[in-house]
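The block underneath contains the structure these notes are about, expressed in structure tokens.
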């Protein structure tokens with residue numbers, strides 16, 4: 001039971017990192033990213049291929065070796081780099097245009113990446129997925145034991161805390177102020193002499209790095225990944241978490257992630273499924289999240305924990321409200 | 001050559017929904033991500049009426065189109081109209097939420113397995129180098145006829161003029177006495193009904209799964225951006241190019257599983273070098 005709870009807390013914390021990354025992109029800078037699942041996938045597969053032990057497979061009589069058996073730390077860093085680079089590539093044509101284009105390109109990119117990992121079996125083993133991904137310090141603590149779970153939980157929470165602190169510092173820093181200015185009015189911000197495309201690109205890449213690290217942690221947590229774990233549904237769930245929790249507020253992002261992913265998605269594991277209709281209960285949960293998303297957008301568009309308004313004291317205490 | 005035939009079918013089936021999606025984007029000034037799932041829902045409604053209730057196929061198509069037009073207006077009233085003041089990006093998020101509600105409703109009711117309509121199996125006819133079934137020929141004809149009809153409506157009828165005026169400048173159209181609210185409702189009626197028809201066409205030439213709508217949406221947006229968003233002729237040209245290119249990619253075995261990737265690669269190159277699309281985009285995008 002205790003390892004079950006540890007497992008749920010770990011996976012919810014991983015999803016919270018994703019929501020936090022989405023908050024930096026959308027909540028701070030207004031970048032509409034519908035490719036969360038894609039960045040998550042890149043992180044998870046990079047880590048999985050680098051960390052898992054070398055194993056051979058035969059495809060049409062040709063021998064392929066997947067897995068490099070490297071240290072978990074290298075996997076974590078490589079995931080961040082891979083996902084950040086992907087964000088950079090996507091950002092080149094789209095960040096100059098209206099926000100909608102970024103949404104369309106990212107939504108397609110995530111789907112294409114999933115097709116690639118399904119079809120390029122020599123690298124990713126297709127729908128069978130990659131198994132036996134090593135956890136940190138596996139030589140000391142064997143997998144599927146309580147200490148191993150606790151270590152991964154501690155690592156995840158430490159990274160979540162670190163990312164949270166970075167994101168919070170970013171919010172109040174001059175950099176974050178420019179990001180919010182871009183979100184409110186791009187044209188005015190560029191008239192003030194700020195290089196808007198560069199700010200947007202930095203934000204987009206930072207979000208990519210966050211999501212890549214979350215993917216690596218996810219690969220280590222589940223120890224076996226397959227393409228089905230990265231369907232667009234997860235992108236949509238992360239949006240649900242952020243909008244319901246409160247975009248622009250990091251605490252809101254974490255609250256939304258914990259509420260939706262923790263209570264809503266995980267808790268229904270205890271609900272009985274209806275015989276003969278195995279897909280009914282999972283689908284109803286997603287419908288409920290979708291309805292909740294639209295209701296929050298209509299009735300409380302700033303979420304449960306709205307963005308804080310920052311009071312600026314200089315020049316006679318101007319109230320900077322949204 | 002056989003791939004060219006597939007490409008023509010794909011392009012013709014994509015043409016109608018991409019045209020009306022373009023119309024919807026132009027009038028409402030946002031990308032409707034629920035459009036693909038609206039298509040899928042209408043196709044599933046036909047399945048329900050035709051297979052489960054055993055109605056005549058044509059009657060069930062008609063009923064399904066009426067229902068999807070009504071649903072379109074309901075979506076507009078309940079979701080998109082109240083959110084319009086928050087700007088296009090919030091509308092986009094709301095349409096994503098709607099897309100997942102529809103997708104998961106399909107999954108909950110009809111399950112994940114592919115479905116087929118209760119229509120007789122047909123053998124292909126040989127037409128020069130192409131092999132097509134009579135139903136595919138009928139679909140190509142109908143698709144082009146309706147496309148022409150939509151063009152004529154936008155160009156010559158009163159409601160078409162009102163649509164163009166509303167899309168061009170909402171405030172000015174209001175001042176000049178155009179009933180913009182009624183124009184929006186008509187736009188949603190026409191676009192939802194044609195979306196439904198496109199979905200039914202798609203289900204006729206392939207199988208129907210809850211993912212059909214979402215995947216088609218990606219093709220439609222590649223076509224739209226390639227042709228120029230809001231440009232109606234561009235949407236047609238884009239649909240034909242995307243349909244031909246993604247089907248002809250099947251000639252190379254390496255690219256066969258990557259039809260969407262081919263469509264997206266074309267769109268990506270277009271965004272890099274000519275972000276307004278090959279025929280130029282509408283103002284406001």
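Can you confirm whether segment B:189-210 contains a residue that is at pLDDT below 90, within 14 Å of chain A (Cβ to nearest Cβ), under 25 Å from residue B:2 (Cβ atoms) and touching a helix residue (DSSP H, G or I) at 6+ places or on another chain (Cβ under 8 Å)?
Within segment B:189-210 (the criterion being at pLDDT below 90, within 14 Å of chain A (Cβ to nearest Cβ), under 25 Å from residue B:2 (Cβ atoms) and touching a helix residue (DSSP H, G or I) at 6+ places or on another chain (Cβ under 8 Å)), the answer is no, since none of the residues qualifies.
Outside any helix (DSSP H, G or I), at positive phi, within 14 Å of chain A (Cβ to nearest Cβ) and touching a residue at least 12 places away in the same chain (Cβ under 8 Å) - does that describe any residue in segment B:219-228?
yes
Is at least one residue of segment A:125-139 within 11 Å of chain B (Cβ to nearest Cβ), surrounded by fewer than 18 Cβ atoms within 10 Å (Cβ to Cβ) and either out of contact with any strand residue (DSSP E or B) (no Cβ under 6 Å at 6 or more places or on another chain) or at pLDDT below 80 (or both)?
yes
Out of (1) in a helix (DSSP H, G or I); (2) surrounded by 13 or more Cβ atoms within 10 Å (Cβ to Cβ); (3) away from every other protein chain (no Cβ under 14 Å), the odd one out for residue B:90 is which?
(3)
Could you tell me which of the residues B:53, B:49 is surrounded by 19 or more Cβ atoms within 10 Å (Cβ to Cβ) and either at the interface with another protein chain (Cβ under 8 Å from one of its Cβ atoms) or at negative phi (or both)?
Going through B:53, B:49 in turn, the sole match is B:49.
Note down all Cβ pairs under 7 Å where the first residue falls in segment A:161-175 and is closer than 19 Å to residue A:204 by Cβ, the second is modelled with pLDDT under 90 and part of a loop (DSSP other than H, G, I, E, B), and they're at least six residues apart or on different chains.
Between residues of segment A:161-175 that are closer than 19 Å to residue A:204 by Cβ and residues that are modelled with pLDDT under 90 and part of a loop (DSSP other than H, G, I, E, B), there is no close pair.
If a residue has to be within 13 Å of another protein chain (Cβ to nearest Cβ) and assigned to a helix (DSSP H, G or I) to count, how many in segment B:239-285 make the cut?
The number of residues fulfilling the criteria is 18.
Residues that are at pLDDT 80 or above and within 24 Å of residue B:214 (Cα to Cα): which helices (runs of 4 or more DSSP H) entirely in segment A:206-316 hold 2 or more of them?
Output list reads A:232-245, A:280-299.
When the residues of segment A:1-56 are filtered to those that are assigned to a loop (DSSP other than H, G, I, E, B) and at pLDDT 85 or above, which remaining residue is nearest to the chain's Cα centre (by Cα)?
Among those residues, the one meeting the criterion is A:35.
Could you grab me the full set of residues in segment B:99-121 that are under 18 Å from the mean Cα position of the chain (by Cα) and facing chain A (nearest Cβ under 7 Å)?
B:100 - this is the single residue of segment B:99-121 that is under 18 Å from the mean Cα position of the chain (by Cα) and facing chain A (nearest Cβ under 7 Å).
Report yes if some residue within segment B:27-34 is in a helix (DSSP H, G or I), at pLDDT below 90, within 13 Å of another protein chain (Cβ to nearest Cβ) and out of contact with any strand residue (DSSP E or B) (no Cβ under 9 Å at 6 or more places or on another chain); otherwise report no.
Looking through segment B:27-34, at least one residue is in a helix (DSSP H, G or I), at pLDDT below 90, within 13 Å of another protein chain (Cβ to nearest Cβ) and out of contact with any strand residue (DSSP E or B) (no Cβ under 9 Å at 6 or more places or on another chain).
State which residue pairs qualify: first residue more than 14 Å from chain B (Cβ to nearest Cβ) and inside segment A:293-310, second residue surrounded by fewer than 16 Cβ atoms within 10 Å (Cβ to Cβ) in any location, beta carbons under 6 Å apart, and separation of 6 or more residues or different chains.
A:305/A:251; A:309/A:321; A:310/A:320
How many of the residues in segment A:57-116 are modelled with pLDDT of 80 or more, closer than 30 Å to residue B:274 by Cα and in a helix (DSSP H, G or I)?
The number of residues fulfilling the criteria is 31.
The values are calculated or read from the model by the stated rules, or taken from the named source; none is laboratory data. Predicted model, so just to flag it, every value in this text is computed and none were measured. Note: ideal-geometry Cβ built from the backbone for every residue, glycine included; neighbour counts use all protein chains shown.
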